[in-house]
1. Those residues that are closer than 15 Å to E49 by Cβ and buried (at least 16 other Cβ atoms within 10 Å of the Cβ), I need them from the range 73-106; list them, please.
2. Among the listed residues L4, L110, L21, L17, identify the single one that is part of a helix (DSSP H, G or I), touching a residue at least 12 places away in the same chain (Cβ under 8 Å) and touching a helix residue (DSSP H, G or I) at 6+ places or on another chain (Cβ under 8 Å).
3. Go through the range 24-53 and report how many residues are in a loop (DSSP other than H, G, I, E, B) and surrounded by 14 or more Cβ atoms within 10 Å (Cβ to Cβ).
4. So which residues in the range 50-75 are of a type in the set (D, E, K, R) and either within 10 Å of the chain's Cα centre (by Cα) or closer than 16 Å to G89 by Cα (or both)?
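Derivation of every value follows stated rules applied to the coordinates shown; laboratory data play no part. Small disclaimer: the values here were computed from a predicted structure and weren't measured. Neighbour counts are summed over all protein chains in view; Cβ atoms, including those assigned to glycine, are modelled from backbone coordinates with ideal geometry.
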Amino acid sequence: MNKLDQKGQPGLGDAFLKWVLTNQANPGKVEKIPVTPEQDADGNESYEEFPNHSALSSFDPSDRIFVAVAAIHHENPPILQAADSKWLGLWDEALQQAGIIVEYLCKDELQQIFDNKFS
């Protein structure tokens, strides 16, 4: 919320934030999935529902909630990832092994960003 305009202008991210704020209490549009906060072995914020996979031990603590929710949701929804190349370059295989579906928007560009950063 610190980077977007709650009035929904001027961009798509702003419009999405406005939609979320408008509909967050509407059970016809938003389903809330409870997760159990905990700390991982390194003392980072995590969730009981986050997959126990050694390759995910370095997964960003601030993003773990998305994986935890997807892991326990009864419909196994995909996570849409558009900006963080580490999901694709570092953790994609482990997420797949844990049954987490990630759909990468602009996948080729994310791969190029990852390759430029980490090669």
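1. Residues satisfying the conditions are I79, L95, A98, I100.
2. Numbers: L4 fails: part of a helix (DSSP H, G or I); L21 fails: touching a helix residue (DSSP H, G or I) at 6+ places or on another chain (Cβ under 8 Å); L17 fails: touching a helix residue (DSSP H, G or I) at 6+ places or on another chain (Cβ under 8 Å).
None of the others qualify; the one that does is L110.
3. Quick first cut of the range 24-53, residues in a loop (DSSP other than H, G, I, E, B) only: 24-36, 40-44, 48-53.
Filter once more, keeping what is surrounded by 14 or more Cβ atoms within 10 Å (Cβ to Cβ): 33, 35, 40, 44, 49-51, 53.
The qualifying residues number 8.
4. We begin by selecting, within the range 50-75, every residue of a type in the set (D, E, K, R); these are 60, 63-64, 75.
Hits for the range 50-75 are D60, D63, R64.
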